[in-house]
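First up is the structure itself, then whatever we jot down about it.
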Amino acid sequence: MAKDEPYVVVHGGVHKTASSAVQAVLKRNQGKLLKHGVRYIHHRKARLDYTNPVQLNGYLRLGLDFKPNITDKDLEKLVRQFWKKVEAEPGERVILSDENMPGHSGHCVRRGRLYWRRTTLIPAFADNIPYPVREVHLALRNYADFFASAYVEFLRSATGARLFPENQMKRNVLSEMESWTKFVEEVQEAFPQAKVFIWRFEDFKPLFPKIVESISGNVVAHADMAVPKRKRGRPSASHQAIKVMLEEIERFGGDHALARRVEIQDEYPRGPEYPAYDPWTRAERGHLTRMYDQDVAEIRRRLGVTFLEPDT
């Protein structure tokens, strides 16, 4: 690494893999990490001032009319302003974290693909970082659970005109049969100088301290980090909540049902009484799980990434 350059680290999510928990710890310990030469860019600032304009420019390149239109000239100015405000010092470890790097949850469920605009959005995210990216950190998740959670997230933000039924989402996923292997290969191609760290979301709880330490460069032990204050967020939607919402969409239309989504979610929160949303049959889940296990094994064997593993 050139001594006059910061050491840039990207934490790219993905969605529905507890990225918010990682970001909360990094944010809570910003001051302590900075004393050790690690600068964490607040994830909301990163999304608003970097990811969003980069992606709006990408959409414009694809011929899509998303507002506002961010031209190449606009983007150059916005990116320059963003990195100037970051104030990255030579040799400093700079962490840029945003699970929106490859796209959005709706991109997944509407096409049944892993971020179907990623071939534009991931390189755009990488190319507008003015320093070489030295590390990329990613979580992967079982296809069955990833697409189910993405569909729940989609219903939280969709409009009535853009809704589509659960069975269409399932058909899309099962017909496309996307692969994390290809996804990781494209990340490696976009960040050619980066060492790629990967973990399975299914191992997240025992791995959490190791994940946070790895992203922050192992300068502070997780045990010595302050614990973020717990916030009462909205309850996660259960299988029953999604079932009721889909029934109301069919009976009364999308706008009516979506107007009640918070009320329905609060009435049927995920927990012991109401299990998580799971649209798959036993055979479908088994098929998706076998594909996931095979792809994870291939990524370990062939792609030269560093897999974070729980201590045994």
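Helix 52-61 and the longest principal axis of the C-alpha atoms of the chain enclose an angle of approximately 70°.
Rounded to whole Å, the principal axis extents of the Cα atoms in segment 95-226 read 48, 32, 26, largest first. For segment 151-287, the dipole from Cβ point charges (+1 on Lys and Arg, -1 on Asp and Glu) about the Cα centre works out to 380 debye, to the nearest 20. Taking the Cα atoms of segment 31-140, the ratio Rg/Rh between the radius of gyration and the Kirkwood radius comes to 0.99.
Computed over the chain with a Gaussian network model linking Cα atoms closer than 10 Å, the most mobile of GLN81, GLN23, GLN188 is GLN81.
Taking amide H as placed 1.01 Å from N in the peptide plane, the amide H of ILE41 sits under 5 Å from that of ILE95, SER97, each at least 5 places away or on another chain. Once the Cα atoms are used to define both axes, helix 180-190 deviates from the longest principal axis of the chain by about 30 degrees. Every helix of 4 or more DSSP H residues in the chain counts as -39500 (n - 2.57), and over all residues that averages to -15000 deg cm²/dmol at 222 nm.
Between ASP255 and GLN294, the contour length at 0.36 nm per residue exceeds the alpha carbon distance by 10.0 nm. Backbone amide hydrogens, once placed in the peptide plane, bring VAL196 within less than 5 Å of VAL136, THR306, excluding anything fewer than 5 places away on its chain. Remark on VAL8: its backbone amide H falls under 5 Å from those of VAL94, ARG134, a criterion applied only to residues 5 or more positions apart or on other chains, H modelled at 1.01 Å from N.
Note on GLU267 and GLU189: their simple-model spin labels are 4.8 nm apart, each label 7 Å out from Cα toward Cβ. If the elastic network links every pair of Cα atoms under 10 Å, which of THR119, THR17, THR51 fluctuates the most in the Gaussian network model of the chain? Fluctuation is largest for THR119. When only C-alpha pairs under 8 Å and at least 6 residues apart count, what is the relative contact order of segment 100-245, in percent? Relative contact order for segment 100-245 comes out at 31 percent.
Residues of segment 89-114 with an amide N closer than 14 Å to a point placed 7 Å from the Cα of LEU64 along the Cα-to-Cβ direction: 100-114.
Mean-square fluctuations from a GNM of the chain, with a 10 angstrom spring cutoff on Cα atoms, peak among VAL196, VAL220, VAL38 at VAL220.
No value in this document is a laboratory result; all are computed from the given coordinates. Since we're looking at a predicted model, the values are computed, not measured. Note that each Cβ is placed from the backbone with ideal geometry, even for glycine, and that neighbours are counted across all protein chains shown.
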